[in-house]
Each structure stands twice: as structure tokens, then as C-alpha cells.
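Each remark here refers to the structure printed beneath this line.
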Amino acid sequence: MKRLWWLLVLIVFLIIADQMSKGYIESNYQLGESTQVIKNFFHITYVQNRGAFWGIGQEWSEMMRKFVFLFLSSGIALFVFYLLFKSLKDVFIQSFAYALIIAGAIGNLIDRFLLGYVIDMFDFFIVTGETTYRWAVFNVADACISVAIGLLIYEELFLRKKQKA
């Protein structure tokens with residue numbers, strides 16, 4: 001039970017951090033405005049993402065986006081809550097990863113319900129000579145989900161192997 005409360009506090013903290021960072025960007029930046037943080041590597045850039053990760057689905061109709069990004073995403077978030085409760089007695093890394101996914105999903109769902117799009121701001125890229133290699137602009141919620149996926153992969157590949165051996 002103690003683990004559950006700790007994870008719920010973490011989820012709330014991450015949602016607040018996500019929403020505060022998005023609020024700051026929306027209040028202090030114009031759409032497309034960018035501030036250099038580390039030359040040729042990292043900028044803060046205000047982007048409105050109407051699609052999913054990496055902008056997938058931005059070209060879909062409004063009705064299709066609402067169905068997929070609001071209703072389906074809400075259902076998936078509820079399912080991950082179920083997985084969180086189910087995993088509380090398992091390896092901590094699994095419960096922690098599910099908590100990160102829930103925080104990220106709720107953070108982005110808040111944007112989708114209130115704004116119809118997700119605010120992104122972390123803009124990483126590498127410049128080599130004439131070529132720029134750019135990662136998709138993302139936010140705190142996206143980072144939570146990405147870290148969680150990495151943790152789940154790590155847990156499956158390395159920790160479960162040790163348990164089976």
C-alpha cells in the first residue's frame with residue numbers, strides 16, 4: 001500500500017510539472033518561437049502537436065483524432081492503471097514505469113481535452129556540417145512515457161532473465 005501512495009504522489013507531481021511547463025511555454029512564447037539553450041543541440045520551441053508521437057495522425061480528420069486521441073487514449077490510460085495495481089507486488093521498476101505512463105498519458109490528455117492539441121517544447125537536434133538531424137519536439141509527459149518504455153524493455157530483457165535463471 002505504501003508503494004501505491006508513493007506512485008500516486010509521483011503521478012500527481014509529474015502531471016503538475018508537465019502542465020506548469022506547458023503553461024509557461026504558452027504564456028511566454030509565440031507559436032513557433034524558439035530559444036537557444038545549447039547551440040546546435042537544444043532549443044525550447046513552442047509547438048502545437050495535433051497528432052500523436054512524432055506528429056503521427058495530424059492529417060486525420062478532427063473526428064478521427066478525437067476518437068483516437070481522446071477516447072482510445074483514455075481507455076488505454078485506464079488499462080495502464082489496472083496494470084499498475086496488478087504490478088504492485090512485482091518488481092518495483094514495472095510499477096514505476098506504469099506510473100510514468102499514467103502521468104504522461106494524463107498530462108497529454110489534459111491538453112487534448114482542453115486545447116485540442118498537445119503543447120511540445122523540448123527541441124533536440126545535432127548539426128553536422130550542412131546536415132541537421134532533428135528529434136521530434138516533445139514535452140514532460142512524452143519524456144515520462146519514453147522513459148517508462150525504456151524501463152519496461154530493460155525489465156523484460158534483463159531483470160526477468162535473472163528471475164527465470
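The values are calculated or read from the model by the stated rules, or taken from the named source; none is laboratory data. Just so you know, these numbers come straight off a predicted model, no measurement behind them. Virtual Cβ from ideal backbone geometry, glycine too; neighbours counted across all protein chains shown.
Could you please give the count of residues in the range 8-51 that are at pLDDT 95 or above, of a type outside the set (S, T, N, Q) and under 24 Å from ILE102 (Cβ atoms)?
The total comes to 18.
If ASP111 satisfies all but one of (1) at pLDDT 85 or above; (2) surrounded by fewer than 21 Cβ atoms within 10 Å (Cβ to Cβ); (3) at negative phi, what's the number of the condition it fails?
In the conditions (1) at pLDDT 85 or above; (2) surrounded by fewer than 21 Cβ atoms within 10 Å (Cβ to Cβ); (3) at negative phi, ASP111 misses (2) alone.
Which condition number in (1) modelled with pLDDT of 95 or more; (2) among the small types (Gly, Ala, Ser); (3) surrounded by 12 or more Cβ atoms within 10 Å (Cβ to Cβ) is the one that GLY55 fails?
(1)
Among the residues of the range 77-127, how many are assigned to a helix (DSSP H, G or I), among the hydroxyl-bearing types (Ser, Thr, Tyr) and touching a residue at least 24 places away in the same chain (Cβ under 8 Å)?
Qualifying residue count for the region: 2.
Taking the range 11-43 on its own, how many of its residues are of a type in the set (Lys, Arg) and closer than 15 Å to PHE138 by Cα?
Count: 1.
Which numbered condition trips up SER74, out of (1) surrounded by 15 or more Cβ atoms within 10 Å (Cβ to Cβ); (2) in contact with a helix residue (DSSP H, G or I) (Cβ under 8 Å, 6 or more places away or on another chain); (3) touching a residue at least 60 places away in the same chain (Cβ under 8 Å)?
Looking at each condition in turn, SER74 falls short on (3).
Scan VAL140, VAL118, VAL147 and give me the residue that is at pLDDT below 95 and of a type outside the set (Gly, Ala, Ser).
VAL118
Suppose we filter the range 128-144 for residues that are without any contact (Cβ under 8 Å) to a residue 60 or more places away in the chain and under 16 Å from ALA77 (Cβ atoms); how many remain?
Qualifying residue count, the range 128-144: 0.
How many residues does the range 106-147 contain that are of a type in the set (Gly, Ala, Ser) and more than 29 Å from SER27 (Cα to Cα)?
Final tally of qualifying residues: 1.
Of the residues PHE96, PHE69, which is within 23 Å of ILE11 (Cα to Cα), in contact with a Lys or Arg (Cβ under 8 Å, 6 or more places away or on another chain) and crowded, with 16+ Cβ neighbours inside 10 Å?
The conditions single out PHE69.
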